[in-house]
Amino acid sequence: MAITEQDVQASEDAPSVNYLNNGYGLKSWLLTKDHKRIAVLYIISISIFFALGGLFASLVRFELMTPEGDLMSSDTYNKVFSMHGIIMVFFFLVPSIPATIGNFLVPIMVGAKDLAFPRVNLLSWYVYVVAGILGTIAVVGGGVDTGWTFYTPYSSTYSNSNVILAAMAAFMAGFSSILTGLNFVVTIHTMRAPGMTWFRLPLFVWSHYATSLIMLLGTPVIAITLVLLMLERGFGFGFFDPNLGGDPVLFQHLFWFYSHPAVYIMILPSMGVMSEMVASVARKRVFGYEFVAFSSVAIAILGFLVWGHHMFVSSQSTYAGMVFSIITFLVAVPSAIKTFNWTATLYKGSIVYDTAMFYVYGYLGLFLVGGLTGLFLSSMGLDIHLHDTYFVVAHFHYIMVGGQVMGYLGGMHFWWPKITGKMFPDIWGRVSALLVFLGFNLTFFPQFILGYMGMPRRYHVYPDEFQVLNVASSMGASILALGYLVPGAYLTWSIFKGPKAPDNPWGAKGLEWETTSPPPTFNFEETPVVTEEAYQYGPIEEH
Amino acid sequence: MADHALHHDHPHGLAHQFEDMPQQKESAVIGMWSFLITEILFFGGFFATYLIYRSYYPEAFFEGSSHLDIPLGAFNTVVLIVSSLTMAMAVHKSHEGNKRGILVYLTLTGILGLTFLVVKYFEYSAKIEYGLVPGLVWHPHGENSPQLALFYSLYFGMTGMHALHMIIGIGLLIWVFVKTAQGTYTAEYNAPVEIFGLYWHFVDIVWIFLFPLLYLLGTQGGGH
Ligand code: HEM
Ligand SMILES: [Cu+2]
């Protein structure tokens, strides 16, 4: 992408006070109410948990290199995959995009000075940190062995591990995301700049609005579920214990009532990132803007009606199963709308093969596979065969890691110049996107086959014939790990040594590109007035 | 942090991120309503659990309910309804910017809230005395014992969570009281009183559902 003279000019004229150099020292960060600084605090904290969760993933992959359980005992293995799941889901993936890129961009994109409740925003980070510390204590003090799903009776009658502590940590992490979601909903409703109508909002904001709705409506239900679980373990109340008249399956219903919508908390934000990047790399308005906007809301609503697809084999009636199965097929429609519309946006676009484009392609490919295999699983008959096998593990990793983590990394690259004011070497960005894409497929594609052949999840001893594919998967995992370490290295390098970023390095549209890089504390020198639709890129020039 | 946005005409009580008072007030109200929606879903999990087990074990639930003290429960219901009234009066006074009025009605609301908690304390003590606390002091009661325990687990879970909300409410009330006494709220700037009122009414309404579900159920007789 060519950097025009004007851009350079603009950034040199820019006021030298920005959100980063406006105050130094630990206190100016730990007591900040600036959404941009809080976003940076979140980026640092979730990176730590990503590394910790990755460590447990590596242990799982090491153990699975051989058919025997030679590296650790079954008990330890239970703990290792449980802690991998709990950390990755509650401490990394749920806050990943909303609390970082979303926190940074939502106020800027709507043209506001900050979120509606800056102190609540800071509070949400502190709640997250306390939750993280509790979680870490649970891990260090002996671990948890229930799986990230905390199913009863594994978590009530049959566990000697730190269930209450881990549940408390997940409960608090949920509270922190409720606070973030609440802030977004209010900000998007009341703080839009003059002229910023709902249908001029960038699609990133729409997807964060939908995500926030799920956070507000779903998270309290997991909270109460975990409270019931803690009461059961702590006081011997019998909500889920058949000996006391309780019903363990009720736990699964309550859990998935939240956790299925929550999987959309873990994908919708990256869809917002995609829309922004697709428009920018194709230099075109996103095809069918309204459809993409409403498909986010449709996903948020339909997502609440499908939890039973996790329970086809948990004593649910066939008719209930059929209904859940049909609605699950329906959820695929809005997701497909997005994929088609992004592709249509690229069609005849003026495509720039830079880092963002590489991540866009990677995301499209991986999300497609993840979404389509979801349709396999929503067919009741097939799911009886595939439930609790590696097929499921591969499916949700294609969405959560192939989708959301890919979107997170892509978005971090795309907005890196805005957040840090520095440019990264684009060639390395493209290399990292390729490494992630290749490593990811090598890690998780074999798991589809393993699952289809019948390898159950959550076991560390398996028949010899599964070894080849497991070794392939473990090799892929090391490439994938490299794909995550490399950006960590050159992005950090760029903070200190990278060239200064112009205000709008990609020539993209959107209010965030009209302010300086990095933005001033109150985002704009004066409140912007919006006069046009989102993504008004000029006519495409021939190359 | 340097606050260059401060102008001389900056209205009292307007936070830096807002353009004007109406925007700030609208944000506060939408924020509180959003929070209350999360609370509805939170208690919703309890109510769903209650309804499911009540339909599984109607006899045990009737029996459990008949051991609850209806007069005390009814008294507490009246206490909370009156406290909603005094809270509404406090909000009304805040619109007039009447500091003394707000303080008087907040005090009344607080006293009623504490009364509720004291009564609850006596009710809980009686249950402990009769061994009706599952997991802690539980003396088996006839053949329905396990299911009866379920009823009491729900009773303590739901009323305990409600009481916790009352305690938080009284904490917030003290904070609003102090702020009022310091003269923070005026006829123009009083959103905190109003949104605290929303919270208080919500907690009262939860009780309005708990009372019939838990206490009055037993009066239906053990039919079936
Ligand atoms: C980046 C975000 C990631 C998230 C959110 C995530 C999430 C999850 C979740 C929820 C589970 C289920 C755990 C359970 O069943 O209790 C799981 C299992 C697993 N993950 Fe990940 N994961 C991530 C990254 C990775 C990576 C990078 C690898 C490999 C290098 C990996 C390897 C595995 C394996 C092998 C299992 C299966 C454990 C088993 O059930 O036997 N994950 N992951
Ligand atoms: Cu699901």
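In region B:15-46, of all residues being in a helix (DSSP H, G or I) and charged (D, E, K, R), the one that is farthest from the other protein chains (Cβ to nearest Cβ) corresponds to B:K25.
Quickly run through region A:380-394 and pick out the residues that are surrounded by fewer than 24 Cβ atoms within 10 Å (Cβ to Cβ) and assigned to a helix (DSSP H, G or I). Full working, then the answer.
From region A:380-394, those surrounded by fewer than 24 Cβ atoms within 10 Å (Cβ to Cβ) are A:380-389, A:392-393; that's our starting set.
The answer is A:M380, A:G381, A:L382, A:D383, A:I384, A:H385, A:L386, A:V392, A:V393.
Taking each residue of region A:330-351 that is in a loop (DSSP other than H, G, I, E, B) and looking for partners that are β-branched (V, I, T) with beta-carbon atoms closer than 7 Å, six or more apart or interchain, yields A:S350/A:I540; A:I351/A:V281.
Could you tell me whether any residue of region A:268-289 is acidic (D, E), away from ligand 1 (no atom under 16 Å from the Cβ) and surrounded by fewer than 22 Cβ atoms within 10 Å (Cβ to Cβ)? Scanning region A:268-289, I find no residue that is acidic (D, E), away from ligand 1 (no atom under 16 Å from the Cβ) and surrounded by fewer than 22 Cβ atoms within 10 Å (Cβ to Cβ), so the answer is no.
State all residues of region B:193-209 that are under 17 Å from B:K93 (Cα atoms) and crowded, with 19+ Cβ neighbours inside 10 Å; if no residue qualifies, say none. Lay out the reasoning, then the answer.
Here is the first cut: in region B:193-209, the ones under 17 Å from B:K93 (Cα atoms) are B:193-198, B:200-201.
Scanning region B:193-209 gives B:V193, B:I195, B:F196, B:G197, B:W200.
Filter region A:196-212 down to the residues that are hydrophobic (A, V, I, L, M, F, W, C) and surrounded by fewer than 24 Cβ atoms within 10 Å (Cβ to Cβ), then identify the one that is farthest from the other protein chains (Cβ to nearest Cβ).
First, the residues of region A:196-212 that are hydrophobic (A, V, I, L, M, F, W, C): A:196, A:198-199, A:201, A:203-206, A:210.
Narrowing the set further to residues that are surrounded by fewer than 24 Cβ atoms within 10 Å (Cβ to Cβ) leaves A:196, A:198-199, A:201.
Numbers: A:M196: 13, A:W198: 15, A:F199: 20, A:L201: 17 Å.
Filtering region A:196-212 for residues that are hydrophobic (A, V, I, L, M, F, W, C) and surrounded by fewer than 24 Cβ atoms within 10 Å (Cβ to Cβ), the one farthest from the other protein chains (Cβ to nearest Cβ) comes out as A:F199.
Of the residues A:I178, A:I265, which single one is touching a helix residue (DSSP H, G or I) at 6+ places or on another chain (Cβ under 8 Å), under 27 Å from A:S156 (Cβ atoms) and within 16 Å of ligand 1 (Cβ to nearest atom)? Show your work before the answer.
On the way: A:I178 fails: within 16 Å of ligand 1 (Cβ to nearest atom).
Every option except A:I265 fails the conditions.
If we scan region A:180-190, do we find a residue that is surrounded by fewer than 19 Cβ atoms within 10 Å (Cβ to Cβ) and of a type outside the set (D, E)? Within region A:180-190, one or more residues are surrounded by fewer than 19 Cβ atoms within 10 Å (Cβ to Cβ) and of a type outside the set (D, E).
For A:S494, state whether it is small (G, A, S) and farther than 24 Å from A:S82 by Cα.
On the way: small (G, A, S): yes; farther than 24 Å from A:S82 by Cα: yes.
Answer is yes for this residue.
Are any of the residues in region A:141-155 under 30 Å from A:L55 (Cα atoms), buried (at least 23 other Cβ atoms within 10 Å of the Cβ), within 14 Å of chain B (Cβ to nearest Cβ) and in contact (Cβ under 8 Å) with a residue 40 or more places away in the chain? Write out each step before concluding.
To start, the set of residues in region A:141-155 that are under 30 Å from A:L55 (Cα atoms) comprises A:141-155.
The next check asks that each one be buried (at least 23 other Cβ atoms within 10 Å of the Cβ); those that pass are A:144-146, A:150, A:152, A:155.
In the following step, the residues that additionally are within 14 Å of chain B (Cβ to nearest Cβ) were identified as A:152.
With the extra rule that they be in contact (Cβ under 8 Å) with a residue 40 or more places away in the chain, the set shrinks to A:152.
Scanning region A:141-155, I find at least one residue that is under 30 Å from A:L55 (Cα atoms), buried (at least 23 other Cβ atoms within 10 Å of the Cβ), within 14 Å of chain B (Cβ to nearest Cβ) and in contact (Cβ under 8 Å) with a residue 40 or more places away in the chain, so the answer is yes.
For (1) among the charged types (D, E, K, R); (2) away from ligand 2 (no atom under 16 Å from the Cβ); (3) surrounded by fewer than 19 Cβ atoms within 10 Å (Cβ to Cβ); (4) modelled with pLDDT of 90 or more, each residue gets a yes or a no:
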{"residue": "A:T4", "(1), (2), (3), (4)": "no, yes, yes, no"}
{"residue": "A:D7", "(1), (2), (3), (4)": "yes, yes, yes, no"}
{"residue": "A:Y19", "(1), (2), (3), (4)": "no, yes, no, yes"}
{"residue": "A:G23", "(1), (2), (3), (4)": "no, yes, yes, no"}
{"residue": "A:D34", "(1), (2), (3), (4)": "yes, yes, no, yes"}
{"residue": "A:E63", "(1), (2), (3), (4)": "yes, yes, no, yes"}
{"residue": "A:E68", "(1), (2), (3), (4)": "yes, yes, yes, yes"}
{"residue": "A:N78", "(1), (2), (3), (4)": "no, yes, no, yes"}
{"residue": "A:M88", "(1), (2), (3), (4)": "no, yes, no, yes"}
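Can you spot a residue in region B:161-183 that is more than 13 Å from every other protein chain (Cβ to nearest Cβ) and outside any helix (DSSP H, G or I)? Within region B:161-183 (the criterion being more than 13 Å from every other protein chain (Cβ to nearest Cβ) and outside any helix (DSSP H, G or I)), the answer is yes, since at least one residue qualifies. Checked against (1) more than 14 Å from ligand 1 (Cβ to nearest atom); (2) in a helix (DSSP H, G or I); (3) crowded, with 20+ Cβ neighbours inside 10 Å, A:F496 meets all criteria but (3). Please determine whether any residue of region A:420-440 is more than 16 Å from ligand 2 (Cβ to nearest atom), touching a strand residue (DSSP E or B) at 6+ places or on another chain (Cβ under 8 Å), of a type outside the set (A, V, I, L, M, F, W, C) and over 27 Å from A:M72 (Cβ atoms). Within region A:420-440, one or more residues are more than 16 Å from ligand 2 (Cβ to nearest atom), touching a strand residue (DSSP E or B) at 6+ places or on another chain (Cβ under 8 Å), of a type outside the set (A, V, I, L, M, F, W, C) and over 27 Å from A:M72 (Cβ atoms).
The residue that is surrounded by the fewest Cβ atoms within 10 Å (Cβ to Cβ), counting only those in region A:402-412 that are more than 16 Å from ligand 2 (Cβ to nearest atom) and in contact (Cβ under 8 Å) with a residue 60 or more places away in the chain, is A:M412.
Cβ separations smaller than 7 Å between residues 6+ apart or across chains give the following pairs from region A:307-322 residues that are of a type outside the set (D, E) to residues that are part of a loop (DSSP other than H, G, I, E, B) and within 14 Å of ligand 2 (Cβ to nearest atom): A:G308/A:Q316; A:F312/A:H387; A:V313/A:H387; A:G321/A:F312. Out of A:I326, A:I299, one residue alone is at negative phi, away from ligand 1 (no atom under 16 Å from the Cβ) and buried (at least 22 other Cβ atoms within 10 Å of the Cβ). It is A:I299.
Residues checked against (1) assigned to a loop (DSSP other than H, G, I, E, B); (2) polar (S, T, N, Q); (3) touching a helix residue (DSSP H, G or I) at 6+ places or on another chain (Cβ under 6 Å):
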| position | (1), (2), (3) |
| --- | --- |
| A:G69 | yes, no, no |
| A:T76 | no, yes, no |
| A:S82 | no, yes, no |
| A:F90 | no, no, yes |
| A:V94 | no, no, yes |
| A:N103 | no, yes, yes |
| A:P107 | no, no, yes |
| A:A112 | yes, no, no |
| A:Y128 | no, no, yes |
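Look at (1) more than 10 Å from every other protein chain (Cβ to nearest Cβ); (2) among the small types (G, A, S); (3) within 16 Å of ligand 2 (Cβ to nearest atom) and you find that A:A293 fails only one, number (3).
Just one of the numbered conditions (1) within 16 Å of ligand 2 (Cβ to nearest atom); (2) farther than 30 Å from A:W513 by Cβ is not true of A:F444: (1). Considering region A:221-264 alone, what residues qualify as being among the β-branched types (V, I, T) and either free of Cβ contacts under 8 Å to residues at least 12 places away in the same chain or within 14 Å of chain B (Cβ to nearest Cβ) (or both)? Matches in region A:221-264: A:V221, A:I222, A:I224, A:T225, A:V227, A:V249. For beta carbons closer than 7 Å, sequence separation of 6+ or different chains, a first residue in region B:139-152 that is facing chain A (nearest Cβ under 9 Å) and a second that is surrounded by 18 or more Cβ atoms within 10 Å (Cβ to Cβ) and at pLDDT below 80, the qualifying pairs are B:P146/A:L244; B:A149/A:L244; B:L150/A:L244. A single entry from A:M109, A:M65, A:M88 fulfils the requirement of being more than 23 Å from A:Y264 (Cβ to Cβ) and away from chain B (no Cβ under 14 Å): A:M65. Screening A:V468 on (1) within 8 Å of ligand 1 (Cβ to nearest atom); (2) of a type in the set (A, V, I, L, M); (3) under 16 Å from A:E68 (Cα atoms) shows it passes everything except condition (1).
The values are calculated or read from the model by the stated rules, or taken from the named source; none is laboratory data. Quantities reported herein were computed from a predicted structural model and do not represent experimental measurements. For neighbour counting, all protein chains shown are included, and Cβ atoms are generated from backbone atoms with ideal geometry for every residue, glycine included.
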